[in-house]
Amino acid sequence: MIQITLPDGSLREFPGPVTVAEVAASIGTGLAKAALAGKIGDKVVDTSYTIAQNSPLAIVTAKDADGLEVIRHSTAHLLAYAVKELFPDAQVTIGPVIENGFFYDFSYKRPFTPEDLAAIEKRMGELAAKDEPVVRRVLPRDEAVAYFKGLGEHYKAEIIASIPSNEDVSLYREGAFEDLCRGPHVPSTGKLKHFKLMKVAGAYWRGDHRNEMLQRIYGTAWASKDELQQYLTLLEEAEKRDHRRLGRELDLFHIDEHSPGTVFWHPKGWTLWQEVEQYMRRVYRDNGYQEVKGPQILDKHLWEKTGHWDKYRENMFTTESEKRDYALKPMNCPGHILIYKQGIKSYRDLPLRYGEFGQCHRNEPTGGLHGIMRVRGFTQDDGHIFCTEDQIQEEVKAFTALLQKVYQDFGFSDIIYKLSTRPEKRIGSEESWDRAENALAEGLRASGCAFEYLPGEGAFYGPKIEYTLKDALGRPWQCGTIQVDPNMPERLDADYVGEDGGRHRPIMLHRAIVGSLERFIGILIEQHAGALPTWLAPVQVAVLNITDAQADYCREIAEKIEKAVPQHPLRVALDLRNEKITYKIREHSMQKLPFIVVAGDKERASGAVAVRARGNKDLGVMPVDAFIELVVQAVASKA
């Protein structure tokens with residue numbers, strides 16, 4: 001007898017080996033129809049999988065996260081099936097599941113067009129409607145290589161040839177199409193109903209730029225029509241908020257082919273940048289950080305000592321002078337240690353907090369660049385805390401509170417906390433890892449933060465906390481971090497004099513709140529859909545005249561608003577152009593300004609202005625001083 005233990009603890013007995021589908025049928029016809037796969041322990045298997053010994057089993061349906069992954073994996077194969085039907089000369093390569101969907105790479109003699117994409121999606125629907133069974137078989141590796149070569153699928157043959165020769169490989173067939181895959185897959189194509197193809201992009205074979213450029217078709221797949229529609233609606237909203245489009249429309253920045261992966265900031269964009277940087281500079285100053293500045297170029301031997309040269313060389317920009325090799329810094333940490341090492345440090349000096357708006361460069365591949373979110377030249381709000389092991393917990397607590405305040409000021413209140421613990425390959429004693437992990441965890445608990453563990457995701461030298469904020473669309477952005485590092489002080493021979501008079505290694509805490517300023521500003525633009533809060537808006541107020549008769553009055557108003565806060569002048573645009581007032585209002589409204597004030601003869605006579613707030617809100621006529629107070633309050637509240 002075979003005993004199957006179900007998730008509720010109940011048992012099902014069968015006289016001999018039984019498939020997942022048969023177990024589901026024994027529970028009920030509804031579950032049998034809904035079953036997409038089975039889960040035995042942590043392993044997800046096909047419904048055709050035969051269970052030959054006593055086992056726990058959960059039936060996987062579209063309601064489960066595992067079921068959604070099976071749907072997306074299977075839809076990738078349905079895509080390849082449809083492409084081969086319509087374009088028999090196309091060669092299939094790989095097609096994995098990704099976040100919210102899947103992709104499949106193809107080699108074909110010409111680029112796929114939008115019309116091709118529509119035809120492929122239509123054919124996918126037709127194939128799904130045929131409800132063809134998906135059948136698995138296993139072949140020896142060499143036999144599988146010969147099989148795919150015979151089909152003219154040279155990429156598949158190459159993939160299989162890289163598998164050890166003593167291993168078998170699994171293939172899945174649906175109708176006339178058969179593909180290499182570990183699985184699992186849905187039992188039949190009829191389970192695939194809610195999908196959409198999104199776009200075509202280029203991708204190098206096996207991710208190597210020296211190889212052929214393939215065509216990657218992206219798609220999304222969901223368990224229900226409503227979920228698919230919700231996702232497509234979210235994408236539409238994300239498109240409206242795309243920082244690249246808004247950067248152009250609001251004249252904030254541009255990316256130029258003359259310097260790929262770096263940002264050309266326009267006056268308004270640089271104003272926004274300065275508001276973020278100066279805010280963070282005040283955060284440094286008010287929370288015990290000393291601002292420092294390190295050089296851009298450092299000797300190769302330093303990067304060898306830190307280990308970056310061996311592990312990160314491909315991503316570093318290098319140069320040579322007088323027969324010495326140098327690298328543009330990809331991070332600021334080594335420079336901060338060199339500053340720390342100037343002069344003897346005592347335990348009384350700790351914790352010692354350095355902060356830097358450090359400009360870094362990383363040689364990111366062209367395909368990975370994305371507006372100002374992913375660039376080659378960027379500036380970090382980088383900080384390093386040198387402390388003792390006993391001080392870690394309090395530093396984490398203080399840093400977490402500070403990060404929460406910063407995120408709140410920028411308009412983010414939903415934060416996810418994750419603690420990455422020791423990886424399999426690591427240095428240091430188990431006791432030191434225990435202490436470091438406990439200090440991070442207790443620091444979060446003392447801050448009142450619920451968090452999840454990411455086992456094995458820490459660096460080889462220490463654990464870390466990741467702070468991920470959620471934006472207005474619910475998208476996660478990992479920005480903040482604090483990481484325990486005893487390794488780099490050891491490599492670069494940093495120490496302090498302890499209470500016992502002996503030399504001791506400090507712990508180095510790597511910490512960042514916004515991370516890359518470029519990326520964070522991109523997130524801000526998308527969070528607010530370009531309608532930045534008054535305190536961040538590059539132009540806070542536009543002053544408009546109706547006719548030339550009010551020009552001098554408008555100049556006086558603009559000057560008075562600008563000088564209302566002497567230590568932090570308000571940002572005012574004065575528009576005296578000989579244009580219709582409706583045209584000027586519309587133009588400034590399109591720039592998403594917080595406030596537009598208009599002065600005609602009546603306003604001039606009474607010392608007032610007509611005020612419009614963003615979103616076409618008419619606030620009526622008010623005295624100039626009352627309006628200035630309104631703006632000052634909006635700036636102060638960071639609303």
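Structure data summary
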| item | result |
| --- | --- |
| Residue list for the stretch 439-451, filter: more than 11 Å from residue 482 (Cβ to Cβ) and either among the charged types (D, E, K, R) or touching a residue at least 40 places away in the same chain (Cβ under 8 Å) (or both) | 442, 445, 446, 447, 449 |
| Odd one out for residue 349, checked against (1) out of contact with any Cys (no Cβ under 7 Å at 6 or more places or on another chain); (2) surrounded by 19 or more Cβ atoms within 10 Å (Cβ to Cβ); (3) not β-branched (Val, Ile, Thr) | (2) |
| Residues of the stretch 88-97 classified as in contact (Cβ under 8 Å) with a residue 60 or more places away in the chain and either among the polar types (S, T, N, Q) or assigned to a strand (DSSP E or B) (or both), total | 3 |
| Hits in the stretch 543-601 - residues which are in contact with a Lys or Arg (Cβ under 6 Å, 6 or more places away or on another chain) and not β-branched (Val, Ile, Thr) | 544, 550, 553, 575, 594 |
| Sole exception among (1) in contact (Cβ under 8 Å) with a residue 24 or more places away in the chain; (2) out of contact with any His (no Cβ under 6 Å at 6 or more places or on another chain) for residue 596, by number | (2) |
| Index of the failed condition, residue 394 passing every other in (1) more than 27 Å from residue 298 (Cβ to Cβ); (2) touching a strand residue (DSSP E or B) at 6+ places or on another chain (Cβ under 8 Å); (3) at pLDDT 95 or above | (2) |
| Count of the stretch 549-606 residues which are touching a helix residue (DSSP H, G or I) at 6+ places or on another chain (Cβ under 8 Å), among the charged types (D, E, K, R), surrounded by 15 or more Cβ atoms within 10 Å (Cβ to Cβ) and farther than 19 Å from residue 272 by Cα | 4 |
| The one condition in (1) outside any loop (DSSP other than H, G, I, E, B); (2) over 29 Å from residue 497 (Cβ atoms) that residue 412 fails to fulfil | (1) |
| Selected residue (criterion: nearest to residue 170 (Cα to Cα)) from residues of the stretch 31-60 that are of a type in the set (S, T, N, Q) and surrounded by 19 or more Cβ atoms within 10 Å (Cβ to Cβ) | 48 |
| Single residue of the stretch 362-377 satisfying the filter (among the aliphatic types (A, V, I, L, M) and either in contact with a helix residue (DSSP H, G or I) (Cβ under 8 Å, 6 or more places away or on another chain) or buried (at least 17 other Cβ atoms within 10 Å of the Cβ) (or both)) that is nearest to residue 260 (Cα to Cα) | 375 |
| In the stretch 616-635, the residues that are touching a residue at least 12 places away in the same chain (Cβ under 8 Å) and either surrounded by fewer than 17 Cβ atoms within 10 Å (Cβ to Cβ) or more than 14 Å from residue 558 (Cα to Cα) (or both) | 616, 621, 622, 623, 630, 632, 634, 635 |
| Residue tally, condition in contact with a strand residue (DSSP E or B) (Cβ under 7 Å, 6 or more places away or on another chain) and not in a loop (DSSP other than H, G, I, E, B), over the stretch 6-26 | 10 |
| Of all residues in the stretch 449-471 being among the hydroxyl-bearing types (Ser, Thr, Tyr) and either outside any strand (DSSP E or B) or within 18 Å of the chain's Cα centre (by Cα) (or both), the one that is modelled with the lowest pLDDT | 461 |
| Pairs, first in contact (Cβ under 8 Å) with a residue 40 or more places away in the chain in the stretch 526-543, second hydroxyl-bearing (Ser, Thr, Tyr), C-beta under 6 Å, six or more apart | 538/271; 540/534 |
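The values are calculated or read from the model by the stated rules, or taken from the named source; none is laboratory data. Here the structure is a predicted model, which is why all the values come from computation and not from measurement. No Cβ is skipped: glycine too gets one built from the backbone with ideal geometry, and neighbour counts run over all protein chains shown.
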